[in-house]
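Notes to accompany the following structure.
The values are calculated or read from the model by the stated rules, or taken from the named source; none is laboratory data. These figures come from a predicted structure and were not determined experimentally. Cβ sites come from the backbone with ideal geometry, for glycine too, and all protein chains shown count toward neighbours. All accessible areas refer to the heavy atoms of the entire protein, side chains included, with ligands and DNA or RNA removed. Shrake-Rupley method; radii C 1.70, N 1.55, O 1.52, S 1.80 Å.
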Amino acid sequence: QVQLVESGGGLVQAGGSLRLSCAASGSIFRLVAFGWYRQAPGKQRELVAGISSGGTTNYADSAKGRFTISRDNAKNTVYLQMNSLKPEDTAVYYCNGRWLSSDYWGQGTQVTVSS
């Protein structure tokens, strides 16, 4: 079992930065692939960035060049550094962990970018 707790969301002006954290419990952290997803009101949940157990990363086109996903296996934590934020980045951001056929989700953290 993996439990995920996100933090770091908040209100920021356009052009600003935020760093989201996802703290994970469980002894299998090193084996888990993680992703950050977001869901804006009235829209489907979408993948923003992912990182494999080996550290390979991938990004949505909207996140490339602005967001960076990373993981600290010693701290059982995954991060999403978000720079140059835009109003269209406003959404609830969710941390996802995937191991074998199991999916784990956090409760989400709100990010609001004002223009």
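Determine the percent antiparallel among the DSSP beta bridges restricted to the chain, to the nearest 5. Please report the intermediate quantities before stating the final value.
On the way: 38 of 42 bridges.
That works out to approximately 90 percent antiparallel.
Hey, what did the chain get for relative contact order, percent, Cα under 8 Å, at least 6 apart?
Details: 284 pairs, mean separation 41.8, N = 115.
Relative contact order comes out at 36 percent.
Over the chain, the pair-distance histogram of Cα-Cα distances with 5 Å bins from zero comes to 2, 13, 25, 26, 19, 10, 5, 1, 0 percent, rounded to whole numbers. Determine, from the Cβ-Cβ distance of SER70 and GLN13 and an R0 of 41 Å, the FRET efficiency 1/(1 + (r/R0)^6), rounded to the nearest 0.05. Approximately 0.95, to the nearest 0.05.
Using packing as a proxy for protection, rank 43-53, 28-38, 97-107, 73-83 so that the peptide with the highest average count of other Cβ atoms within 10 Å comes first.
Values: 43-53: 15.7, 28-38: 19.9, 97-107: 14.0, 73-83: 18.0.
Taking the mean over residues of other Cβ atoms within 10 Å, the ranking is 28-38, 73-83, 43-53, 97-107.
At 1.4 Å probe size, with every protein chain present, just tell me what the per residue accessible area of the chain comes to in Å². Intermediate results must be reported in sequence, preceding the final value.
On the way: 6030 Å² over 115 residues.
Per residue, the chain has 52 Å² of solvent-accessible surface.
Which residues' amide hydrogens lie under 5 Å from the amide hydrogen of LEU85, considering only partners 5 or more residues apart or on another chain, with H built in the peptide plane? Residues meeting the amide H criterion: GLY15, GLY16.
Dipole magnitude of segment 1-113 about its Cα centre, charges +1 at Lys/Arg Cβ and -1 at Asp/Glu Cβ only, in debye to the nearest 20? Mind showing how you got there, number by number?
Values: 11 positive and 7 negative charges, 26 e Å.
The dipole magnitude comes to about 120 debye.
Taking a straight line from the alpha carbon of LYS43, these aspartates and glutamates sit under 15 Å away, with near neighbours fewer than eight places off in the same chain left out: GLU88, ASP89.
Here the mean projected area of the convex hull built on the C-alpha positions of segment 1-52 is 4.8 nm².
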